[in-house]
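The values are calculated or read from the model by the stated rules, or taken from the named source; none is laboratory data. Computed from a predicted model, the values in this text were never measured in an experiment. Cβ atoms come from the backbone with ideal geometry, glycine included; neighbour counts cover every protein chain shown.
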Amino acid sequence: MEKHSIVIIGSGPAGYTAAIYAARANLKPVLFTGLQPGGQLTITTDVENYPGFPTGILGPEMMELFRAQAERFGTQIIDEVVTRVQLRERPFLVEAGKRQMHAESIVIATGAQAKWLDIPSEKLLSGHGVSACATCDGFFFRNKEIGVVGGGDTAMEEALFLTKMASKVTVIHRRGDLRASKVMQQRAFANPKIAWEWNQEVVEVLGDKKSGVTGVKTKNTQSGDEKTLPMNGLFVAIGHKPNTELFKGQLEMDPVGYVKIQPGTTRTSIPGVFASGDAADPVYRQAVTAAGTGCMAAIDAERWLASQGIH
């Protein structure tokens, strides 16, 4: 069976950055791109907050550049989904369909995905007024009226952040009270730019790709009555889900499924397995921080391999 010093699972900013560093360290990395090659950035239109791109860059284009750089230094990129890993004994076993290989070390860069409302109009307008990331897309809604769906800390953080740009932010929540922590609730209630729509469920996002979002149709969760709220954008903030099912029962995770890492490192509960990017980050979830931890994971892996006498 083929054996490699380092196998990287996932291909967003974290995976590709880990590959660039590992390849330059002459570790001949193998990278599996996974279900969504390029990760969440491939469903983002404009990326305007990544340093070095003063006029912005399209998410998919940026990931093409990351990939090309990883390949330039000798990364073997396999466009397949890893279906099973065995981390109980070394070398680790990695399976992708019918393909099997052994890995001396593994970098997890499987990312996360935003939870969506799962309504057709939301998918249609994703990237055209519907977003799941205020820090990514809030800038495009200067002086506009927008909505935020959710009632937890994430939703309050997004709503408060968006008040810096938007003229009005309406929080749409399907219950009559918030799940958010008391501190976040107080901050949100105290903000004059935030309006509230209680016991409302979004059933349709109105608008089209050309002109963007014009409003949302909501249904009262108690009476069933429907109404239309005019707005220019909608942020879905009902949480994120890390793509870590592959490692369940093998690695330590938090209750949501984020891989636990030792503070200040990318080391997981199993020596030789390192986690980077959104799969291990419930807090920042940015391309630039993912790339940073991808770099850390490659350096951590390189040093670990050296300590084991493996090159």
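A few notes on this one:
- Residue in the range 145-152 that is of a type in the set (Asp, Glu) and more than 26 Å from the chain's Cα centre (by Cα) present: no
- Residue 271 fulfils the conditions (1) more than 22 Å from the chain's Cα centre (by Cα); (2) within 30 Å of residue 168 (Cβ to Cβ); (3) part of a loop (DSSP other than H, G, I, E, B) except for a single criterion, (2).
- Count of the range 162-183 residues, restricted to those that are within 22 Å of residue 284 (Cβ to Cβ), at pLDDT 95 or above and not aliphatic (A, V, I, L, M), is 2.
- The lone exception for residue 203 - which of (1) surrounded by fewer than 17 Cβ atoms within 10 Å (Cβ to Cβ); (2) outside any strand (DSSP E or B); (3) in contact with an Asp or Glu (Cβ under 8 Å, 6 or more places away or on another chain) it fails: (2)
- The range 219-233, subset part of a strand (DSSP E or B) and in contact with a Lys or Arg (Cβ under 9 Å, 6 or more places away or on another chain), residue surrounded by the most Cβ atoms within 10 Å (Cβ to Cβ): 233
- Residue 272 being touching a residue at least 24 places away in the same chain (Cβ under 8 Å), buried (at least 16 other Cβ atoms within 10 Å of the Cβ), among the small types (Gly, Ala, Ser) and more than 29 Å from residue 65 (Cβ to Cβ): yes
- The number of residues in the range 151-164 being touching a helix residue (DSSP H, G or I) at 6+ places or on another chain (Cβ under 8 Å) and either crowded, with 19+ Cβ neighbours inside 10 Å or within 17 Å of residue 241 (Cα to Cα) (or both) comes to 7.
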